[in-house]
Amino acid sequence: MKQKIKQILTEVQQVVAKNNEELELFRIQYLSKKGIITELFNDFKNVANEEKREVGQLLNELKNATQQRINDLKESFASQQVDAVKSDLTRTAEPIKLGTRHPLSLTKNRIIDIFARIGFTIAEGPEIEDDWHVFGALNFPPEHPARDMQDTFFIEQNPDVLLRTHTSSVQSHVMTHQKPPIRMLFPGRVYRNEAISYRAHCFFHQVEGLYIDKNVSFADLKQALMYFAKEMFGEHTQIRLRPSYFPFTEPSAEMDISCNICGGKGCPFCKHTGWVEILGCGMVDPNVLENCGIDSKVYTGYAFGMGVERITNLKYQVKDLRMFSENDVRFLQQFQSAE
Ligand code: DAH
């Protein structure tokens, strides 16, 4: 009997079970009512009296060891399950990193906020356009050299289909479909056939502004732009308007602001002039109003257009335009704390 108990003990200690079902079979085989160990207990009555003490002890040890083995195996299954959960590839990766707003979006949103406070609403137009909305309606005569000012991407099969070179094209849509008063901003992406470098890209972003009503004057334009410059770059900011030429405005101007990097003293960014150009503007040419079905004897208006990248550069001093479209998180994350 003693021999048998020892043999079973070694057996039990070597038992392996792959899962709970196998473990249950093992328990039934040894510890159930008809199990091997229970049978041994039943045979105990046949053990000679002088051996009862020793055999009883061995039997108890065997029973305990078997129970212990079952417990150990059970525990190992539980921890295996935890491991499996840990390596579940379908679970969401943690921690989820919050993205940051793109610097161009930050700038665009600020421009929109500032003009919203003086009554400007927003509209968007298509990026794929036709000649009329980008050039024709805006008073670019055919063959006019002004068309060369903006190297255009045309679709080869049809030169009437092109990528808009400026968001002024949205003016043509809005003025054709809406009656004055119109006071709107048109933000969006524009395309030009330019070699890509740190200071030029084949696509960039603009915000166009348009105000059409009775008695709108150049003074209104100047006032709105001065308000914008101070809100965007600070109370101390100065502006200056230089005469310029655009086919769709008459008179036309370009606006400079006092360089907000050196405060107007002169630095490499403003090429030591103390001024940086930020937008083009002017009074909407009567031809443009008429082209879009607005009576130029009753209405006047002003328009302006600015580059979002340029304004962003002035605010954050990004040296290379290409960084805006490379999606390098090391660059983008630097704008985490900005609004
Ligand atoms: N569309 C011009 C450009 O892309 C910018 C511009 C200039 C817009 C004068 C205007 C304006 O509305 O009046 O360079």
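The values are calculated or read from the model by the stated rules, or taken from the named source; none is laboratory data. Here the structure is a predicted model, which means the values were calculated and not measured. Here the Cβ positions follow ideal geometry from the backbone for every residue, glycine too, while neighbour counts run over all protein chains shown. Only protein heavy atoms, including side chains, enter the accessible area calculation; ligands, DNA and RNA are left aside. Shrake-Rupley method; radii C 1.70, N 1.55, O 1.52, S 1.80 Å.
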- [ ] Kindly provide the pair-distance distribution of segment 105-174 built from C-alpha pairs, with 10 Å bins from 0 and whole-percent values in order of increasing distance.
- [x] 18, 42, 26, 13, 1
TODO: Multiply the residue gap between Phe41 and Arg242 by 0.36 nm, knock off their C-alpha separation, and tell me the result in nm, one decimal place.
DONE: 61.4 nm
TODO: Quote the convex hull volume per residue of segment 2-86, based on C-alpha atoms, as a whole number of Å³.
DONE: 74
Open item on the list: At a threshold of 8 angstrom on Cα-Cα distance, excluding pairs fewer than six apart, so keeping six or more, what relative contact order does the chain reach in percent?
Closed with: 15
Open item on the list: Can you tell me which of Val190, Val82, Val161 moves the most in a GNM of the chain? Springs connect C-alpha atoms under 10 Å apart.
Closed with: Val82
Task: Length released on extending from Gln80 to Glu290, taking residue separation times 0.36 nm less the Cα-Cα span - done: 67.8 nm
Task: Nitroxide proxy distance, nm - points 7 Å out along Cα→Cβ at Thr90 and Phe331 - done: 3.9
Task: GNM result for the chain, Cα springs below 10 Å: residue of Gln80, Gln317, Gln57 fluctuating most strongly - done: Gln57
- [ ] Taking all protein chains together and a probe of 1.4 Å, list Met283, Met323 from the most accessible to the least accessible.
- [x] Met323, Met283
Task: Potential extension, Gln14-Asp320 segment - 0.36 nm per residue separation minus Cα distance - done: 103.2 nm
- [ ] Arrange the peptides 330-336, 194-200, 291-297 so that the one whose residues have, on average, the most other Cβ atoms within 10 Å appears first.
- [x] 291-297, 330-336, 194-200
Task: Between segment 273-339 and segment 35-78, the Cα center-to-center distance that results, in Å - done: 87
TODO: Could you please state, rounded to a whole Å, how far the C-alpha centre of segment 92-123 is from the C-alpha centre of segment 248-262?
DONE: 25
Task: Tail fraction, Cα-Cα pairs, the chain, threshold 26 Å, whole percent - done: 64
- [ ] Give the long-range amide H neighbours of Glu129: residues separated by 5 or more places, or on another chain, with amide H under 5 Å away, using H modelled in the peptide plane at 1.01 Å from N.
- [x] Leu162, Leu163, Arg164
TODO: Provide the per-residue ³J(HN,Hα) series for segment 117-132, in order, calculated from phi with Karplus coefficients 6.51, -1.76, 1.60 and θ = phi - 60°, each as a whole number of Hz, with x at glycine and proline positions.
DONE: 5, 10, x, 7, 9, 10, 9, 10, x, x, 7, 8, 10, 10, 4, 4
TODO: Evaluate 2.2 N^0.38 Å with N set to the residue count of segment 1-145, then give the Cα radius of gyration divided by it.
DONE: 2.77
- [ ] Report the label-to-label distance for Asn215 and Lys4 in nanometres (one decimal), using points 7 Å from each Cα along the Cα→Cβ vector.
- [x] 11.8
Task: CD proxy at 222 nm, helix term only [per DSSP H run n ≥ 4: -39500 (n - 2.57); per residue of the chain; nearest 500] - done: -12000 deg cm²/dmol
Task: Dimensionless Rg over Rh [segment 120-230; C-alpha; Kirkwood] - done: 1.00
Task: With DNA, RNA and ligands ignored, accessible area of Leu31 (1.4 Å probe; Å², nearest 10) - done: 40
